[in-house]
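A.B. asks: The structure follows.
What follows draws every value from the coordinates through simple rules; no lab data is involved. None of these values were measured; they are calculated from a predicted model. All Cβ positions, even for glycine, are placed from backbone atoms using ideal geometry, and neighbour counts span all protein chains on display.
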Amino acid sequence: MLRMSKLFLKTLRDDPADAEVASHRLLVRAGYIRRAAPGGFSWLPLGWEVFRNVEKMVRDEMNKAGFQEVHFPALLPREPYDTTGRWTEYGDNLFRLQDRKGADFLLAPTHEEMFTLMVKDIAGSYRDLPVHLYQIQTKYRDEARPRAGLIRTREFVMKDSYSFDLNDAGLDESYAAHRASYIKLFDRMGLPFVIVSAMSGAMGGSKSEEFLAPMDIGEDTYIRCTSCDYAANVEAITTPAPDEITLDGLPAAVVHDTPGTPTIETLVDFVNANESMRHPDRDWTTADTLKNLVVNLKHPDGTIEPLAIGIPGDRDVDMKRLEAVVSPAEAEPFSAEDFAKHPSLAKGYIGPGALGSDNASGIRYLVDPRIVSGTSWITGADSSGNHVINLTAGRDFTPDGVIEAAEILKGDTCPACGSEVEIARGIEIGHIFQLGRKYAEALDLWVQGEDGKPATPTMGSYGVGVSRCLAAVAEATCDEIGLCWPREIAPADVHVVMAGKEGGPQRVAAEQLAADLEARGLRVLFDDRVKVSPGVRFKDAELLGVPTIAVAGRGVDADVPTIEVKDRQSGERSDVALADVVDHLVSVCTA
RNA sequence: CGGGGUGUAGCGCAGCUUGGUAGCGCGCCACGUUCGGGACGUGGAGGCCGGGAGUUCAAAUCUCCCCACCCCGACCA
């Protein structure tokens, strides 16, 4: 039994000034956590209780799925991470440090290397596979900007699992097993979630999905359909191509003088205001224009390749989508010097006429999927101050291919059902990933196959942010007045409130009730504080968020004494006869 | 890393423009009253005003430089 008279707890009446999001604000106010470092939190008794409940739930689901728990140090030597290249590749987000002898160490941001080495150490034969291991461990990432309380910290607890299979079919099974156990886990947490594809296009093959808890304060943007259940990461969504248009009878392309129109907006205004350029039936819009821009692709081997991208003028290039498509290359903006090297490119007036491997610049030219044969565009005429109207794809120009780099806008077409998508935000609570053989190969993990020859296992990795899930649950379940935990996560089943005069019958009833409930196996938080007014007790009970509140108050004085039982979430109250209340509460709490 | 904001008692804030012995609310301690929705009275304790340097007879207040935190963006297996 947790007695509030003894509990190391202080609730705050006012919101802490540095907390913006509800989960952060309430967890601090309710005395669950305190900020201790940039991106680091200390846990107070109630918070730690809740944390362990979440952790227990994660562990339980992992064990149920047949995965085995192991544990690694968080403080690791450099060497294995050097072998896989991640000592450097991980970049600024890796906490690096040295021991007294000057040897390099790191605080692990994730443990692929260690799991791989452990399997290498133990498993020797294909008969030892598949292997499914997990750990629950504190992870360290030197985040540029920790934010939103427990949502994004530099030290956090993560459950990470790894699967080792002999072949792709096995990996698929392992992946599916983890996916299924995550669905059970997040359902059990009472957390609404969507699974979005996070497949990175150009890398090919490696399958990846994110579990997102949809909420406005989330930092991951994803796309969801307004009518079907399609959901995808912005990087993974594909743009449906419209039908091609027959070229017969389309108006010819005409070059016009369009002085002083370096931007899409000035261009549209200009052509609409000019009689000779007006659209016969309507105003031109920015969606009628074809915007061409050039970037430099920096390939991992150091080579630089210019790439031209054509997209409808009503949208911008989404750098995240572009990077995902060109990965592992990186995209950088075209500089003034780059333009100087390509005199055929008229900055602000770049058109398909100069682009593509067959034209003046020789620059590879990829266009948005909407730009299909027969679509006509207003676009640059490759000399300063000139644009061309009705330049038609498939007739006047032929791009080298298509590229998914345009930003996704609300109202875009759903690739699954054809209705409209919307843009939503979510918290990434889980991520499952088919790694393949990258780590096994780098660390020389192999087992003897059935045929006696060495075989390299293929791996999957699967993560759940434990501390982040706690915050997500708090965020999803709380209301204006406080936290509101699902029973399994809550620090107690029943919050017993003594609401009468100290030394009166309420005291006696509350003490007895708390003891009886505990004897029946319920977890009890008992507000037995003296010299605390009833108002404070009620407010604190609501703030702390235990799902069921039992008040020994006025009802105790009645001819047939009663206890008020209140459901924290719904706010419903009922008076239950003192004689029946223990049974009643046991059934409520074990339902 | 760019833009914006904030640092004054445990928490939330005022004071700064116009320099002159540091204030309010909550919380805390003592006593009394009260006891079903963050009660009341009386009396207390508690602060190197983020740090450093400067200007001045005098700096929370003016100047310069740091640092920390929050928000937006960039970044983020």
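A.B. asks: Is any residue of the range A:509-541 close enough, with backbone N under 11 Å, to a label point placed 7 angstrom from the Cα of A:I481 along the Cα-Cβ axis, and if so, which?
C.D. replies: Those under the cut-off are A:538-541.
A.B. asks: Do any cysteines in chain A lack another Cys Cβ under 4.7 Å, and if so which?
C.D. replies: A:C469, A:C478, A:C484, A:C589, each lacking another Cys Cβ under 4.7 Å.
A.B. asks: So what's the net charge close to A:I549: Lys and Arg +1, Asp and Glu -1, counting the other residues with Cβ under 12 Å from its Cβ?
C.D. replies: Neighbour charge sum, excluding A:I549 itself: -2.
A.B. asks: While we're here: Order by neighbour count: A:S163, A:S42, A:S461, fewest other Cβ atoms within 10 Å first, most last.
C.D. replies: Working: A:S163 28, A:S42 11, A:S461 21.
In increasing order of surrounding Cβ atoms, one gets A:S42, A:S461, A:S163.
A.B. asks: Determine the sum of side-chain charges near A:R395: Lys and Arg each +1, Asp and Glu each -1, restricted to other residues whose C-beta is under 14 angstrom from that of A:R395.
C.D. replies: -3
A.B. asks: Could you tell me the calculated FRET efficiency between A:N296 and A:S125, based on Cβ-Cβ distance and R0 = 56 angstrom, to the nearest 0.05? Mind dumping the intermediate values first?
C.D. replies: Working: r = 49 Å, r/R0 = 0.87.
With R0 = 56 Å, the Cβ-Cβ based efficiency is 0.70.
A.B. asks: Of A:K298/A:K410; A:K6/A:K539; A:K159/A:K207; A:K6/A:K56, which pairs sit farther than 29 Å apart, going by alpha carbon to alpha carbon?
C.D. replies: A:K298/A:K410
A.B. asks: P(r) tail for the range A:333-385, what percent of Cα pairs lie past 12 Å?
C.D. replies: Summing the P(r) tail past 12 Å for the range A:333-385 gives 68 percent.
A.B. asks: While we're looking at this one, here's another question. Over the Cα atoms of the range A:455-556, what radius of gyration and what Dmax do you get, in Å?
C.D. replies: Calculated on Cα positions, Rg and Dmax stand at 19.0, 76 Å.
A.B. asks: For the range A:463-587, what is the charge dipole size about the Cα centre, in debye to the nearest 20, if Lys and Arg each add +1 at the Cβ and Asp and Glu each add -1 at the Cβ? Working shown, then result.
C.D. replies: Working: 14 positive and 21 negative charges, 74 e Å.
Its charge dipole is roughly 360 debye.
A.B. asks: Bins of 10 Å, beginning at zero and ending with the bin holding the largest distance: percent of Cα pairs per bin for chain A, please.
C.D. replies: 3, 14, 19, 19, 17, 14, 9, 4, 2, 0
A.B. asks: If packing is taken as the average count of other Cβ atoms within 10 Å, what order do A:243-254, A:183-194 fall into, highest mean first?
C.D. replies: A:183-194, A:243-254
A.B. asks: Calculated FRET efficiency, A:T263 and A:D18, Cβ-Cβ r, R0 35 Å, to nearest 0.05?
C.D. replies: Once the sixth-power term is evaluated, E becomes 0.30.
A.B. asks: With everything on Cα atoms, drop me the angle between helix A:112-122 and the longest principal axis of chain A, reported from 0 to 90° to the nearest 10.
C.D. replies: Compared with the principal axis, the helix lies near 70 degrees.
A.B. asks: Relative to the longest principal Cα axis of chain A, at what angle does helix A:264-273 sit, 0 to 90 degrees, rounded to 10?
C.D. replies: Roughly 60 degrees between the two axes.
A.B. asks: Moving on. In whole Å, what is the distance between the alpha-carbon centres of the range A:1-50 and the range A:388-425?
C.D. replies: 48
A.B. asks: Placing unit charges on C-beta atoms (Lys and Arg positive, Asp and Glu negative, everything else neutral), compute the dipole magnitude of chain A about its Cα centre in debye, rounded to 20. Each step should come with its number before you reach the end.
C.D. replies: On the way: 62 positive and 91 negative charges, 487 e Å.
Value, rounded to 20: 2340 debye.
A.B. asks: What does the charge add up to near A:V530, with Lys and Arg as +1, Asp and Glu as -1, over the other residues with Cβ less than 13 Å from its Cβ?
C.D. replies: So the environment of A:V530 carries a net charge of +3.
A.B. asks: Please give the calculated 222 nm ellipticity per residue for chain A, where each DSSP H segment of at least 4 residues contributes -39500 (n - 2.57) and the sum is spread over every residue; nearest 500 deg cm²/dmol?
C.D. replies: Values: 14 runs with 147 residues, N = 591.
Dividing the helical sum by the residues of chain A leaves -7500 deg cm²/dmol.
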